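The values are calculated or read from the model by the stated rules, or taken from the named source; none is laboratory data. In this text the structure is predicted, and so the values were computed from the model without any measurement. Cβ placement follows ideal geometry from the backbone for every residue including glycine, while neighbour counts extend to all protein chains displayed.
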Amino acid sequence: MSASNASEGASLPKSRLARYTPQIAAAAIALGAGVISVGLFAGGLDATEILALLAFGCLVLFVGVAMISSALVKPLASALGWPGQRMAGTPGRRA
């Protein structure tokens, strides 16, 4: 088996909700950022409430970024590889 035909891992079929992933991810990112903002800037909260809000906000924000990262990798790699492609040719295409 040649290296170009080999595939690592398994590929899962798309779920019913796959077409809504960007919207769900954007909502999770907005919710996470909002909860973090409340934890940081709301007055009258004790330390336990602040830490709970920050932990929950970070968790939701992490899940939202993880959901949308697969859609951002190729365009981001292309944008970051563009200067290398302009200067040297091949390095920009490897990304």
Filter pass, V38 being surrounded by 12 or more Cβ atoms within 10 Å (Cβ to Cβ), within 13 Å of the chain's Cα centre (by Cα) and of a type in the set (V, I, T): no
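Take the residues of the stretch 57-84 that are of a type in the set (A, V, I, L, M, F, W, C) and either over 26 Å from A18 (Cβ atoms) or not in a helix (DSSP H, G or I) (or both): which is farthest from the chain's Cα centre (by Cα)? Show your work before the answer.
Taking the stretch 57-84 first, the residues of a type in the set (A, V, I, L, M, F, W, C) are 58-63, 65-68, 71-73, 76-77, 79-80, 82.
Next, only the ones that are either over 26 Å from A18 (Cβ atoms) or not in a helix (DSSP H, G or I) (or both) stay: 80, 82.
Working: L80: 17, W82: 22 Å.
Taking the candidates together, the pick is W82.
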Number of positions in the stretch 1-35 that are in a helix (DSSP H, G or I), farther than 13 Å from V65 by Cβ and modelled with pLDDT of 85 or more: 5
